[in-house]
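Values in this text are rule-based calculations from the coordinates and carry no lab data. Here the structure is a predicted model, which is why all the values come from computation and not from measurement. As a convention, Cβ positions derive from the backbone with ideal geometry for all residues, glycine included, and neighbour counts pool all protein chains shown.
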Amino acid sequence: MERLKTTLVYLLPTALLLPGVAYAAVTPCTIFNLIVKVKDVFAAVVGVFAILSILYSAFLFMIGAGNEETTKKAKTFLLFGLVGIAVALFAFVAVESVARLIGVEGQLGGNCPF
């Protein structure tokens, strides 16, 4: 199982970049646009799971009725949800900060200066 995970970690980026390399179309713009798309998908998935975690936490708080074990479990899920939202927001901020740093902030998906 561990070998499969390791193989997928190396195979997925290679499969995503291989068509561009084959046609010699890999530029800093295409790589950065790929990073932006991956960031968008990652943030969306993490955000959905975070919201579901918060909703489950609220459900546990309601049905717990003062049960200490259920309340502790609900607090844990609430913490996981809040951390998930923070990670999703950090993904947006990190990519946008790098875009501003290298000077392509308003040009993603359009004409690239490189």
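List of remarks:
- Residue 79-residue 37 pseudo-label distance in nm [points 7 Å out on the Cα-to-Cβ vector]: 3.8
- Phi angles across segment 70-84 convert, under the Karplus curve 6.51 cos²θ - 1.76 cosθ + 1.60 with θ = phi - 60°, into 3J(HN,Hα) values of 5, 5, 5, 5, 5, 5, 5, 5, 5, 4, 4, x, 5, 5, x Hz, Gly and Pro given as x.
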